[in-house]
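The values are calculated or read from the model by the stated rules, or taken from the named source; none is laboratory data. Computed from a prediction, not measured in an experiment: that's the story for all the values here. Here the Cβ is made from the backbone with ideal geometry for all residues, glycine too, and neighbour counts use every protein chain on show. Quick note on the areas: whole protein, heavy atoms, side chains included, nothing else; ligands and nucleic acids left out. Shrake-Rupley method; radii C 1.70, N 1.55, O 1.52, S 1.80 Å.
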Amino acid sequence: MNTVHPASAQIFPAAMGAEYAFREGCHITERWNADADVAVSVAQARVAPGVTTRWHRLVGTVERYLIVSGSGVVEVGELAPQALTAGAAVLIPADTRQRIRNTGTTDLIFLAVCTPRFRLECYRDDDASPA
């Protein structure tokens with residue numbers, strides 16, 4: 001098993017970035033995405049009520065959704081659409097087509113945990129491809 005170990009222990013001050021709109025159809029706040037830790041990134045995603053994100057995939061990157069609040073339906077690869085509420089987790093293998101829809105009346109908030117860390121170059125918009 002490959003495990004990445006940091007060269008030394010480090011503590012980083014709170015430096016959460018500002019929320020920004022991402023072309024996928026959600027809003028992102030980077031919680032952890034640093035050159036000092038190429039093994040993992042954590043972003044907070046916010047999907048407004050009634051919004052469905054674009055079909056997309058992350059090349060060479062495994063992603064996990066950890067639902068914090070709200071409700072939605074996730075579609076991943078060939079799996080049937082699945083309803084989600086707070087506390088649910090979704091494991092998305094690298095290169096797997098995915099999207100999520102907010103089915104509630106409040107924002108759907110989840111953490112997106114990526115390994116290795118998310119880099120914009122790995123994002124592929126897949127909305128025009130067949131299901």
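Take the conditions (1) under 12 Å from the mean Cα position of the chain (by Cα); (2) open to solvent by less than 50 Å² (accessible area, probe 1.4 Å); residue 64 misses just one of them, which is (2).
Hey, any hits in the stretch 74-82 for a residue that's at pLDDT 95 or above, out of contact with any helix residue (DSSP H, G or I) (no Cβ under 8 Å at 6 or more places or on another chain), at positive phi and loosely packed, with under 13 Cβ neighbours inside 10 Å? Looking through the stretch 74-82, at least one residue is at pLDDT 95 or above, out of contact with any helix residue (DSSP H, G or I) (no Cβ under 8 Å at 6 or more places or on another chain), at positive phi and loosely packed, with under 13 Cβ neighbours inside 10 Å. So, residue 54, is that one open to solvent by 70 Å² or more (accessible area, probe 1.4 Å), out of contact with any helix residue (DSSP H, G or I) (no Cβ under 6 Å at 6 or more places or on another chain), modelled with pLDDT of 95 or more and under 16 Å from residue 122 (Cβ atoms) or not? So residue 54 fits the description; yes.
Whenever a residue of the stretch 29-45 is in contact (Cβ under 8 Å) with a residue 24 or more places away in the chain and farther than 11 Å from residue 112 by Cα, its partners that are open to solvent by 50 Å² or more (accessible area, probe 1.4 Å) and hydrophobic (A, V, I, L, M, F, W, C), lying with C-beta atoms within less than 9 angstrom and at least six residues away or across chains, give the pairs 34/12; 36/12; 37/4; 38/4; 39/4. Residue 89 falls short on exactly one of the conditions (1) touching a residue at least 24 places away in the same chain (Cβ under 8 Å); (2) farther than 24 Å from residue 124 by Cα, and that condition is (2). Scanning the stretch 33-42 for residues that are of a type in the set (Gly, Ala, Ser), at pLDDT 95 or above and part of a loop (DSSP other than H, G, I, E, B) turns up just one, 39. With a requirement of 3 or more residues that are of a type in the set (A, V, I, L, M, F, W, C), the strands (runs of 3 or more DSSP E) lying completely within the stretch 43-124 that satisfy it span 62-69, 71-76, 89-92, 108-115. Taking every residue in the stretch 105-131 that is within 25 Å of residue 83 (Cβ to Cβ) and at pLDDT below 95 and pairing it with any residue that is part of a loop (DSSP other than H, G, I, E, B) and open to solvent by 40 Å² or more (accessible area, probe 1.4 Å), at least 6 positions away or on another chain, the pairs with Cβ-Cβ distances below 7 Å are 127/54.
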